Amino acid sequence: MKKIFYMLFAAALITACGDVENPDLGKDSKWIQFGAKSYSGNEGDGKIMVPIQLASIDNPDDLSVQFTFESSDNTKFNVVPADGNVTIPKGEFEAFVEITPVDNSDVNENLSIKLSLVENDKYKLGLAGEGLEQNSTTVTILDDDCPLDITQFYGTYLANEDGYCDGCYEVVVSAGPVPNTLTLSNLYETGGTTIIELDNSNPSSPLITYRSKEFDAALQVSSTYGNVWATTPSDNSSSFRTCDQYMDLYFRRCVSIGCFSGQVHIQLTKK
């Protein structure tokens, strides 16, 4: 950034204040500030980068800047550098604090983290060195997990089989026969129906159980074996996401005398 940050700030003061004279900072004046008053990012989006900026004519040496951070739960994110000491390299005018949320499937409230610059005798803090703005900043981690609302799953979905979409046939999802169940029409592109139950009692591991045979919901009808039901496999779990209603389905096709070999893997994405 070199001197650009310093000159842009001076220009901004003139624009904002009309005829107010640009303050006389002096050639040795400098201050440190956060790049903005606040930042935010989703829990699952990876790092949130928070810039710490130096306003100065030059930066002849590596500049060490200390900061603190606080929140209601420090276990839900990681900070780099963890020791609260960031270095703006010689000749540069910016360095970054990295906030990495801990991604989970739990339904949490948004989490706010306050970062504050530490007082020192080398440079002033905050916008224009006045210590009023941007000497601290707030980072908000937005929870991207949602409570289970079975009605949000009603609608039309595109079906991918094993990750492939050759035209992506449609599956219609509607209310099931008992609470927390759904009726899937045209799963496996057979025109039949399937009943699944959603279990979100452990949000870190949401599970889907097939209840088709119990409610006589045939995936298809075989001329040889009669009704074919989608059945929960023993070695692969079907799961779902509550925020976008995505479903990742594994099932076996079973008839009254047993199950066919192999499994079917279908991913449903809501339109």
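Among the candidates Asn59, Asn108, Asn120, single out the residue that is under 30 Å from Leu207 (Cα atoms) and at pLDDT below 95.
Details: Asn59 fails: under 30 Å from Leu207 (Cα atoms); Asn120 fails: under 30 Å from Leu207 (Cα atoms).
From the options Asn59, Asn108, Asn120, the qualifying one is Asn108.
One line per residue, one yes/no per condition, for (1) touching a Leu at 6+ places or on another chain (Cβ under 7 Å); (2) loosely packed, with under 13 Cβ neighbours inside 10 Å; (3) more than 29 Å from Asn104 (Cα to Cα):
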| position | (1), (2), (3) |
| --- | --- |
| Val173 | yes, no, no |
| Asp199 | yes, no, no |
| Ser205 | no, yes, no |
| Arg211 | no, no, no |
| Thr242 | yes, no, no |
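Of everything in region 102-139, what is surrounded by 15 or more Cβ atoms within 10 Å (Cβ to Cβ) and in a strand (DSSP E or B)? Give them in sequence order.
Passing the criteria: Leu111, Ile113, Leu115, Ser116, Leu117, Lys124, Leu125, Ser136, Thr137, Thr138, Val139.
Select from region 177-192 the residues that are within 31 Å of the chain's Cα centre (by Cα) and not in a strand (DSSP E or B) and list them in ascending order.
Within region 177-192, the first condition is being within 31 Å of the chain's Cα centre (by Cα), and the residues that meet it are 179-185, 187-188.
Within region 177-192, Pro179, Asn180, Leu187, Tyr188 qualify.
Given (1) of a type outside the set (Lys, Arg); (2) part of a loop (DSSP other than H, G, I, E, B); (3) at pLDDT below 95, identify the lone condition not met by Thr269.
Against the list (1) of a type outside the set (Lys, Arg); (2) part of a loop (DSSP other than H, G, I, E, B); (3) at pLDDT below 95, Thr269 comes up short only on (2).
For region 37-56, how many residues are surrounded by fewer than 14 Cβ atoms within 10 Å (Cβ to Cβ) and either farther than 16 Å from Thr100 by Cα or of a type in the set (Val, Ile, Thr) (or both)?
Summing the residues that are surrounded by fewer than 14 Cβ atoms within 10 Å (Cβ to Cβ) and either farther than 16 Å from Thr100 by Cα or of a type in the set (Val, Ile, Thr) (or both) in region 37-56 gives 1.
Please go through region 215-252 and give me each residue that is in a loop (DSSP other than H, G, I, E, B), closer than 14 Å to Val264 by Cα and not small (Gly, Ala, Ser), ordered by number.
Passing the criteria: Leu219, Thr232, Pro233, Asp235, Asn236.
List the number of the failed condition for Leu158; all other conditions in (1) loosely packed, with under 14 Cβ neighbours inside 10 Å; (2) in a strand (DSSP E or B) hold.
With (1) loosely packed, with under 14 Cβ neighbours inside 10 Å; (2) in a strand (DSSP E or B) applied to Leu158, the lone miss is (1).
Which ones in region 193-210 are part of a strand (DSSP E or B) and more than 22 Å from Cys254 (Cα to Cα)? Walk me through it before giving the result.
Narrowing region 193-210 to residues part of a strand (DSSP E or B): 193-199, 207-210.
Scanning region 193-210 gives a single hit, Asp199.
Looking only at region 82-101, which residues are in a loop (DSSP other than H, G, I, E, B), surrounded by 14 or more Cβ atoms within 10 Å (Cβ to Cβ) and without any contact (Cβ under 8 Å) to a residue 40 or more places away in the chain? Full working, then the answer.
Filtering region 82-101 for residues in a loop (DSSP other than H, G, I, E, B) gives 82-84, 89-93.
Now drop any that are not surrounded by 14 or more Cβ atoms within 10 Å (Cβ to Cβ), which leaves 84, 92-93.
Passing the criteria: only Gly84.
The values are calculated or read from the model by the stated rules, or taken from the named source; none is laboratory data. Nothing here was measured: the structure is a model prediction, and the numbers come from that model. Methodologically, a virtual Cβ is constructed for each residue, glycine included, from the backbone with ideal geometry; neighbour enumeration extends over all protein chains shown.
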